[in-house]
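Notes follow the structure.
The values are calculated or read from the model by the stated rules, or taken from the named source; none is laboratory data. Model, not experiment: these values are computed from the prediction. Cβ atoms come from the backbone with ideal geometry, glycine included; neighbour counts cover every protein chain shown. Only protein heavy atoms, including side chains, enter the accessible area calculation; ligands, DNA and RNA are left aside. Shrake-Rupley method; radii C 1.70, N 1.55, O 1.52, S 1.80 Å.
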Amino acid sequence: MSLGRFAVKRSLQGIGVVWGVVTVVFALRFVTPGSPINAVAPLDASQETRQAIAAELGLDQPLYVQYLQYIFDLLRGDMGFSYIKGQDVVTLVFGRLPATIELAVAASVVAIILAIPLGVISATRRNEPVDYGATLLSLGGISTPNFWLGIMLILVFAVEFNIFNTSGRGVDVGDVALSLVGPEPVLGTLLTWLAYITLPAIALGTYFMALITRLTRSGMLDELSKGYVQAARAKGLPQTLIRYKHALRNTLIPVITVLGLQLGTLIGGAVITEAVFSWPGLGSLVIDSINDRDWPTLQGSLIVIGTSFVFVNILVDVVYAYLDPEVVND
Amino acid sequence: MVSSRVIRNLKKEFRQSGLAKLGLALVVVIVLTAVFAPFIAPHNPTDQQLNQSELPPIGFSETTERTSSQMVDGEIQTVTEEVEITAEPDHVFGTDGLGRDMFSRVVYGARTSLVVGVLGTLLAASIGVPVGLLAGYHRGRVDDALMRIADVSLAFPSLVLAVALIGLWGRAAVDIPDPFVVAGLAPEMPESFVLPITVVIVVGLVNWVWFARVARGEALSLRGQEYVKASRALGADDNTIILRHILPNAITPIIVLGTVQVAAIILLESSLSFLGFSGTTLSWGFDIAQGRDYVSSGQWWIASIPGLAIMLSVIGINLLGDWLRDALDPGIEGEGGAA
């Protein structure tokens, strides 16, 4: 099978999973205690509003009609209307999505940049002080609740030293890029952006840094003991080349898969990190929508989160297949 | 089921690894703390003593400015005075904003974390293991269906799904009488342990899929073994084969996963409590949420100390998991999921 066909096959499977996600989210409406109208209407809604909602949702229709209607609406890009926020759910959710992606990407970048070298050094200098240091650091990292880490970072860097901002997003990352490449580059926007994103990115990224360090270390130890590495050494290839080109490449393949599966943890972590830092992303929208009993917004957010997960994992699988062509024929 | 070779490996690995000893020590301390909480806690963790609020931990006495309104010559004036806040030897970890003893709250918080962690893991395993074994053994449509369900389940982050389900179902809790207090051995202490039952059910429901994946993988590789074929030839039915031959040989990686899951669920429980989605107010995550409001006014200990308790517990359990994995099954690094 070619890589292209593999990608198509994986995408078709992905569509099936997204359909499952939508079905589960649709079903959530019926595990809510009471009438489904309660799940949509504000608690203090008048009788007219309730009837209008019932008619709009087609609650008088048979279940399969409601279900098909829900799917067709989604395909048309209609996720319903939030009576509590007074906005279209699509507008709400996609308005919040960029902030969450920005935070998740920043956290992943912090994690990957630190973790891969740390894992490699840890493996190549096994049982030396640097290895013990890295092992303890990564053990602490996978064991620390990220919301608590966030509060501790606020305590030290914002309350004691007053270096960083602790609430909100500051500037849009797009504005930062524009200000840097503009006619008169300004560093100020970049600094403002960093002041807001640094602490949440560290709080969210630490777990992943720790996880990647552990995976890289054990993977590297595994690879370095294999025959091809010894053969390369015997041939007299430089250590750096063996480590970073041969062994690391093979180590990263399983690391990438685990990271794809852990994307859910990243988004889950973003939900709580956003709560700590008042980051205006999808996570705070989810929490708000539950506290306000704003089910259309919750359903829309869940669909977007689930779909992103599926999409990223297809991407991961295709990258995996590119790095390790045997997978395609599996 | 557990052969003497397994025991030998465990002992050997334990002797060689300092981290395994540390892990076991931490877990033993936490389990004992949780079980004997009424005897270890010096105060009732829910008793409020407002005149003793915001006391720092031992060794952290400090002076702060406190403003108060006073009547001076018939007028209300705001007076700022320097106040010396001294730690009380009676409150080792200080007190929170309502004058509750932090040490006692940390001790009792261990119960919530451990009980939710263990029960949640057992629930997840009791759903995931049978489903995974059946799917891996029978393959075919059952397996396909399971894998699709697992894919859909994985697409929702544990925390998000848990928050959504608890939001929908409410935050139910069950009061379980504390046997020590009922027996009159610790009359000052809370009479019952509040088990956040919705949280247990929800964490079990969102984490079963990890067990299903591991059990399925084991069943897939074991079903082709000679002894399985032999007992099938002898006429054993499928359920007997799964129970007698597949499960015992698949148990090791399931135990290793179970250990990691207890840690993951403790983290998940603390996140839920932090966000206010729990049925109990005696939880480390809940205390961190309370303490968060005091961070900017200088009472750092209210949020810090419960977090250290979570960290030490999870480190202990993870070290135990590493030990079991290294001794029993070196092949499953990285599976397991987290909060």
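Prolate is the label for segment A:89-326, because the ratio a/c of its alpha-carbon gyration tensor axes (a ≥ b ≥ c) is 1.5 or higher and a/b is greater than b/c.
Measuring nothing but protein heavy atoms, the accessible surface of the protein assembly as shown at 1.4 Å probe radius is 61 percent carbon and sulfur. On full extension, the segment bounded by B:R15 and B:Q77 gains 15.5 nm, given 0.36 nm per residue less the C-alpha separation.
Based on Cα contacts under 8 Å between residues 6+ apart, chain A shows a relative contact order of 28 percent.
Put simply, the amide H of A:F81, placed in the peptide plane, has neighbours under 5 Å in A:V89, leaving out anything fewer than 5 places away on its chain. Comparing B:S221, B:S270, B:S313 in a Gaussian network model of chain B (Cα springs below 10 Å), the most mobile by mean-square fluctuation is B:S221.
How many nm is it between the label spots at B:A145 and B:F39, if each spot is 7 Å from the Cα in line with the beta carbon? Inter-label distance under the simple model: 5.1 nm.
Averaging over all projection directions, the Cα-based convex hull of the protein assembly as shown occupies 40.8 nm² in the image plane.
Computed from phi, the 3J(HN,Hα) profile of segment B:140-152 under the Karplus parametrisation 6.51, -1.76, 1.60 (θ = phi - 60°) reads x, 5, 4, 5, 4, 4, 4, 5, 5, 4, 4, 4, 5 Hz, with x in place of Gly and Pro.
Ranking B:F180, B:A236, B:T198 by Cα position along the charge dipole of segment B:96-243, where only Lys, Arg, Asp and Glu carry charges on their C-beta atoms, puts B:A236 farthest toward the positive end. For B:M189, the amide hydrogen comes within under 5 Å of no other amide hydrogen, counting only partners 5 or more places away or on other chains and with H modelled in the peptide plane.
Based on the Cβ-Cβ distance of B:L308 and A:E128, what FRET efficiency does E = 1/(1 + (r/R0)^6) give at R0 = 30 Å, to the nearest 0.05?
Details: r = 28 Å, r/R0 = 0.95.
The calculated FRET efficiency here is 0.60.
With a 10 Å cut-off around each Cβ of B:162-174, the average count of Cβ atoms from other chains is 4.
The GNM of chain B, with springs linking C-alpha atoms under 10 angstrom apart, assigns the highest mean-square fluctuation among B:A164, B:A212, B:A250 to B:A164.
Taking Cα atoms only, the orientation of helix B:4-16 departs from the longest principal axis of chain B by about 40 degrees.
Of all lysines in the structure, the ones whose alpha carbon falls short of 23 Å from that of B:K21, not counting any fewer than 8 places away in one chain, are B:K11, B:K12. Taking all protein chains together and rolling a 1.4 Å probe, A:Y64 ends up with roughly 150 Å² accessible.
Can you classify chain B as rounded, prolate or oblate using the Cα gyration tensor, where a ≥ b ≥ c are the square roots of its eigenvalues, rounded means a/c under 1.5, and otherwise it's prolate if a/b beats b/c and oblate if not? Show your work: numbers first, answer last.
On the way: a/c = 2.78, a/b = 2.22, b/c = 1.25.
Prolate, because a/c is 1.5 or more and a/b exceeds b/c.
In sequence order, segment B:37-53 has phi-based couplings of 3, x, 8, 8, 5, x, 10, 5, x, 9, 6, 9, 10, 5, 6, 10, 7 Hz under the Karplus curve 6.51 cos²θ - 1.76 cosθ + 1.60, θ = phi - 60°, and Gly or Pro positions carry x. In this label model, A:N162 and B:E188 are separated by 4.2 nm, measuring between points 7 Å along each Cα→Cβ vector. Estimated from helical segments only, the mean residue ellipticity of the protein assembly as shown at 222 nm is -22000 deg cm²/dmol, where each DSSP H run of four or more residues counts as -39500 (n - 2.57).
Multiplying the sequence separation of B:Q49 and B:V6 by 0.36 nm and subtracting their Cα-Cα distance, what value in nm do you get? Could you put the intermediate results ahead of the total?
On the way: separation 43, 0.36 × 43 = 15.48 nm, distance 5.26 nm.
Once the chain is fully extended between B:Q49 and B:V6, it gains 10.2 nm.
Residue-wise HN-Hα couplings along segment B:245-251, as the Karplus relation 6.51 cos²θ - 1.76 cosθ + 1.60 with θ = phi - 60° gives them from phi, are 10, 7, 4, x, 7, 9, 5 Hz; Gly and Pro carry x. Only Cα pairs under 8 Å and 6+ residues apart enter the sum, and on that basis the relative contact order of chain B stands at 24 percent.
By its C-alpha gyration tensor, with a ≥ b ≥ c as the square roots of the eigenvalues, how is segment B:30-172 shaped: rounded for a/c under 1.5, else prolate for a/b larger than b/c, else oblate?
Numbers: a/c = 4.41, a/b = 2.49, b/c = 1.77.
Here segment B:30-172 falls in the prolate category.
Given a cut-off of under 8 Å on Cα pairs at least six residues apart, what relative contact order in percent is computed for segment B:98-232? RCO, segment B:98-232: 41 percent. Net length available on complete extension from A:I113 to A:L221 is 36.9 nm, with 0.36 nm assigned per residue and the Cα-Cα distance removed.
What residues of segment A:272-312 lie in the reach of a label at A:R50, counting those whose backbone N is under 12 Å from a point 7 Å from the Cα along Cα→Cβ? Answer for segment A:272-312: none.
Summarise the partner chain shielding of A:267-273 as one whole number: the mean count of Cβ atoms from other chains within 10 Å of each residue's Cβ.
On the way: counts 5, 14, 5, 3, 6, 10, 0.
That average works out to 6.
Protection proxy ranking, highest mean first, for peptides B:230-236, B:214-220, B:295-301: B:214-220, B:295-301, B:230-236, where packing is the per-residue count of other beta-carbon atoms within 10 Å, averaged.
If only the Cβ of Lys and Arg carry +1 and only the Cβ of Asp and Glu carry -1, the dipole of chain A around its Cα centre is close to 1400 debye.
Helix by helix through chain A, keep the DSSP H runs that span 30 Å or more along the axis on Cα and average at least -1.0 on Kyte-Doolittle, and give those back in order. Please report the intermediate quantities before stating the final value.
On the way: long enough: A:3-31 (42 Å, 1.26); A:89-124 (51 Å, 1.96); A:188-224 (46 Å, 0.92); A:295-323 (42 Å, 1.44).
Answer set is A:3-31, A:89-124, A:188-224, A:295-323.
Each label was represented as a point 7 Å from its Cα along the Cα-to-Cβ direction; for B:L32 and A:L178 these points are 6.3 nm apart. In the context of the full set of protein chains, residues of the protein assembly as shown present 46 Å² of accessible surface per residue (probe radius 1.4 Å, heavy atoms only).
Label reach from A:Q69 (point 7 Å along Cα→C-beta): in segment A:292-306, amide nitrogens under 18 Å belong to A:295-297, A:299-300.
Under a Gaussian network description of chain A, with springs only between Cα atoms under 10 Å, the residue in A:L136, A:L211, A:L199 that fluctuates furthest is A:L136.
Given a 1.4 Å probe and no ligands, DNA or RNA in the count, how much accessible surface is buried by A and B, both sides, to the nearest 100 Å²? Could the numbers behind the result be given before it?
Working: alone 17580 and 17150 Å², together 30660 Å².
Heavy-atom accessible area buried at this interface is about 4100 Å².
Which listed residue (B:I7, B:N44, B:A20) has the Cα farthest towards the positive end of the charge dipole for segment B:7-102, taking +1 on Lys and Arg C-beta and -1 on Asp and Glu C-beta about the Cα centre? Checking the options against the dipole of segment B:7-102, the answer is B:I7. As a rough guide to protection, the peptides A:229-236, A:314-321, B:114-121 ranked by mean Cβ packing within 10 Å, highest first, stand as B:114-121, A:314-321, A:229-236.
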